[in-house]
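One structure is given below, encoded as structure tokens.
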């Protein structure tokens, strides 16, 4: 069973989707540890309710970003993590962490990259920008993490139509439902060895 480390910052609904996918047998892996950079993240409680080790690592407890990220990497190594999943993690991983897990860190983003992504585009800010711009289609993207922000190779994408009467909450809810499905599928494909990466291009072996 491949050991997964999940990084979160909030409620952990994508984490819950992964837990449900594993418990149902859809995802042939196990979550070895959940790490949050916020002590109030409900995702920590979700992990504990399912008997998953959960740890809060706060940036304020460290002298600099390097030390903070070193603590995250040490925790991942301690739990023998083979795949890292960023499930609503609102912080940028350091190059040291990315280099330790080349093409082994997966992130979920609530838009169709390269639209509405990069620095400053996270959470509700993405959906606000989508509505303000007036696009007709948004969606969700699962991608590998590299040293940039939302710039790694794209694994899966799925569109979500923007309705005329959408507000931030209604759009976010529909995108979130797609996020859950895409993230679980991407993790399943990765564990089953069905993903091939060549440069920026990702192939899925069906």
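The values are calculated or read from the model by the stated rules, or taken from the named source; none is laboratory data. Only a predicted model underlies this, so the values are computations on that prediction, with no experimental measurement involved. Reconstructed Cβ throughout: ideal geometry from the backbone, glycine too, with neighbour counts over all protein chains shown.
Residue under question is residue 13, and the condition is that it be out of contact with any strand residue (DSSP E or B) (no Cβ under 9 Å at 6 or more places or on another chain), in contact (Cβ under 8 Å) with a residue 24 or more places away in the chain and crowded, with 16+ Cβ neighbours inside 10 Å; does it hold?
So residue 13 fits the description; yes.
Residue-wise test of (1) closer than 20 Å to residue 119 by Cβ; (2) in contact with a helix residue (DSSP H, G or I) (Cβ under 7 Å, 6 or more places away or on another chain); (3) modelled with pLDDT of 95 or more; (4) not assigned by TED's automatic domain parsing to the domain that holds residue 3.
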{"residue": "134", "(1), (2), (3), (4)": "no, no, yes, yes"}
{"residue": "152", "(1), (2), (3), (4)": "yes, no, yes, yes"}
{"residue": "181", "(1), (2), (3), (4)": "no, no, yes, yes"}
{"residue": "196", "(1), (2), (3), (4)": "no, no, yes, yes"}
{"residue": "206", "(1), (2), (3), (4)": "no, no, no, yes"}
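Quick check on residue 141: is it under 16 Å from the mean Cα position of the chain (by Cα) and either surrounded by fewer than 19 Cβ atoms within 10 Å (Cβ to Cβ) or assigned to a helix (DSSP H, G or I) (or both)?
When the stated conditions are applied, residue 141 does not pass them.
For residue 7, state whether it is modelled with pLDDT of 95 or more and surrounded by 20 or more Cβ atoms within 10 Å (Cβ to Cβ).
Yes.
Kindly indicate whether any position in segment 103-124 is assigned to a helix (DSSP H, G or I) and either surrounded by 18 or more Cβ atoms within 10 Å (Cβ to Cβ) or out of contact with any strand residue (DSSP E or B) (no Cβ under 7 Å at 6 or more places or on another chain) (or both).
yes
Can you tell me which residues in segment 179-188 are buried (at least 20 other Cβ atoms within 10 Å of the Cβ) and touching a strand residue (DSSP E or B) at 6+ places or on another chain (Cβ under 8 Å)?
179, 182, 183, 186, 187
Name the single residue, out of those in segment 28-54 being in contact with a helix residue (DSSP H, G or I) (Cβ under 6 Å, 6 or more places away or on another chain) and over 17 Å from residue 97 (Cα atoms), that is surrounded by the fewest Cβ atoms within 10 Å (Cβ to Cβ).
28
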